[in-house]
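Written out below as structure tokens is the structure these notes cover.
The values are calculated or read from the model by the stated rules, or taken from the named source; none is laboratory data. The structure displayed is predicted, hence computed values, not measured ones. Cβ sites come from the backbone with ideal geometry, for glycine too, and all protein chains shown count toward neighbours.
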């Protein structure tokens, strides 16, 4: 453990990223522009919907140099804004959060935006520009800054402020990076499209370098419940977190610290755990040795009588929002969604939500449904094959049993939200196969698909009824004509014929349960041909 | 200009169609699904009425509902056919069944619920429209002749008989070498005068002509009729009416083979496919005068067979009294037999099994190879009206000798023999099968 800490100390986080930028998603100019937009958009969204503000996000991408492939990416939000004294560190210092509470958010500790700043510095040398103000502030603040890579410190190049004329709040971040827009464009559009599916409550506008406007207007006024900050669950913690906790606490005893720092941790539980760890509850937190902390974390993780972690820290989208998003995206014939009940793995609460869209403009899945994956409202576009969601769709569901045969116009949307998404690897693009999670995903997909099956079987029945009606209705004119020929004089023939047609139409409609209009249509088509 | 009797028949038919169709329209205007109630024309619903001694339609009824997907087309076809026939009646026409097929055949084009343009024919083959005509006959309980539908007829008649057909009076004893061709609507014939003691129906036209020229009917006071093969409806109806109205016995002279026996059976009990017509077409009192197997072989062959106890027992079970039938001598000598007799074919054997059942064949056939040929017919029990001692003996001899004989052979022995000995002698001693 101490060796690991050595690594962090020997290289500044900024320097570390500088060398290993591929890990953070900046491997090539196309990927870099996509990653930049993502990081800034996700920050913008975290500043809005997490705090109950319906997001208004504006993205502007502009060619910033005539000869080189430099692009200025500006993202504006109507979020809570950033206090001016925090801005330099928030954008200029790679740091870990000093908070000891958890809630579901898109980015972790705002790490991504600093990587954007570093990448801009590396490729174009241009600083990041930030304009921000909070609600109630009288002024708007302006910064131009860069990162000192070796020291991991912000360098403010320019700062200023001006009076606010209206109650604007939010943040505008602008960076200039080297990128390959033409190769990134389709991926960025896909990213926005997928983001808009789960954010029908957001206004999202993008202005491209070609001066095209991509606009996803707000279509619903409901918002997902914002996540509530909660203390971590003892099973979901680690040694690093515990280390930081004991060093920065004001609590006099380790027992008090445990009770106040974790959920599901009362006096009885704390005492039992400390007893297992062989630590006196009265000990001062900062005086615990590394070995004692290790015993403590092991005791905390193996204790099995906790209440499950609270799901209040989560912010599921909710069924209506998913349905609204799918409706807009695909205008489907059938749409449904389910929000599963909260569950947990290793002390981390999670909720699985599944949406389904069928027919209409829904894209065709050739041998399995089109899968839209989301983690904490972020669309996952890469590494689909290794994702547990894809595995469930391919391996755990017998689509035949649901009257679905491929190719089929079928989209399955899976949203996993958690205080800790179990990502596979560092790319944050695919979710790992955790049994608890896999089970919930499977149950969620089965639940929505059952609904689709019912819809399809009803549709088949209605189709049968229509076929039956058609098989009879096509003979109505001939029957009516025959009867009229026999029973009416020449001058009354047509009147009687029409009367019989009308009566028979009603009788057939009533018998088959099919609409009068449909039968009228068939009869009329025969009349027209005759 | 149609004759008075013709016009009267037309008006009657028009009324029948109108009345039944009116009740359908009433159902429709009450908002009820229209239903045609039709006796079932299936083999399973064909029964042999032991009292009336004829094949009749059974009691089973089918409800052909227009709103039933499987019945809708037939419903439409039945009404379409009714309207065409109605139209023909009103316009003083005489359509044949082929005419009706063409008049009703047209395509119905419509747009399906998927928006596709589809076209289908009211009917495809004449077989289909012929079936519809039969349905309509059963539904209206009239025969097609009553609807003035003509069919190709081949029956002929001569004798001391005066009839009125249309507006003409015809003396059937003054037909020269020809004969009166029975009209397709025999119910419109009026019998004016008859001077005859019986009706002789000859299967073969050639034999009919020979007997006619020989003056048989005049000499023996017979009405001579030929069906020229399988009897058509008009010939059967004509024979039935004449027999009914003048209490004349009817004798059938046919080939001595299963086909000949079946022709007799159609005259007497009706046909299986047209059993609904039997009430009006069958002549249950008709008798089979020949040619019998016993006329050819006598009964020695049969007596030899029933010497075997098991054979005798089996045959007695099928037709009690079969072993106590009167002995019979053949009309043909050994050499005549070898000249005239034809070897039976497998098809004849199969037909014979259909008539009397497999057991008789099993007991009477000696040749093992022949037995194997009809093995597939095992289980057949035969028609009830052939399960008589007389027919059992006849068919047993047929199975044993595997022989058949045409009437022409009897004529070859001498027309004189046929006309002056064979027929009169059999009639006088009552050597027929009822």
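Being more than 27 Å from the chain's Cα centre (by Cα), on the phi < 0 side of the Ramachandran plot and buried (at least 23 other Cβ atoms within 10 Å of the Cβ) is a property that holds for residue A:92. With respect to residue B:120, determine if the residue is under 19 Å from residue A:469 (Cα atoms) and either assigned to a strand (DSSP E or B) or within 29 Å of the chain's Cα centre (by Cα) (or both). For residue B:120, the condition - under 19 Å from residue A:469 (Cα atoms) and either assigned to a strand (DSSP E or B) or within 29 Å of the chain's Cα centre (by Cα) (or both) - is met.
Selection of region A:513-524 for residues being crowded, with 20+ Cβ neighbours inside 10 Å and in a helix (DSSP H, G or I) yields A:519, A:522, A:523. Selection within region A:464-473: residues that are facing chain B (nearest Cβ under 7 Å) and in contact (Cβ under 8 Å) with a residue 40 or more places away in the chain. The member of this set that is nearest to the chain's Cα centre (by Cα) is A:466. Picking from residues in region A:513-529 that are more than 7 Å from chain B (Cβ to nearest Cβ) and farther than 23 Å from residue A:462 by Cα, the one that is modelled with the lowest pLDDT is A:528. Considering the conditions (1) in contact (Cβ under 8 Å) with a residue 40 or more places away in the chain; (2) more than 11 Å from every other protein chain (Cβ to nearest Cβ); (3) within 30 Å of residue B:86 (Cα to Cα), residue A:476 is excluded by exactly one of them, (2). Before we move on, is residue B:121 out of contact with any helix residue (DSSP H, G or I) (no Cβ under 6 Å at 6 or more places or on another chain), more than 29 Å from residue A:517 (Cα to Cα), surrounded by fewer than 16 Cβ atoms within 10 Å (Cβ to Cβ) and more than 9 Å from every other protein chain (Cβ to nearest Cβ)? No: the conditions fail for residue B:121. The listed residues are A:487, A:496, and the only one of them that is within 11 Å of chain B (Cβ to nearest Cβ) and free of Cβ contacts under 8 Å to residues at least 12 places away in the same chain turns out to be A:487.
One residue stands out among those in region A:499-512 that are facing another protein chain (nearest Cβ under 8 Å) and closer than 16 Å to residue A:478 by Cβ: the one that is surrounded by the most Cβ atoms within 10 Å (Cβ to Cβ), which is A:508. Residues of region B:17-51 that are out of contact with any helix residue (DSSP H, G or I) (no Cβ under 8 Å at 6 or more places or on another chain) and within 14 Å of chain A (Cβ to nearest Cβ): B:19, B:23, B:26, B:27, B:30. With respect to the conditions (1) at pLDDT 90 or above; (2) more than 10 Å from chain A (Cβ to nearest Cβ); (3) under 15 Å from residue B:147 (Cα atoms), residue B:14 falls short on a single one, namely (2). Checked against (1) part of a helix (DSSP H, G or I); (2) surrounded by fewer than 16 Cβ atoms within 10 Å (Cβ to Cβ); (3) in the same structural domain as residue B:298 (by TED's automatic domain parsing), residue B:397 meets all criteria but (2).
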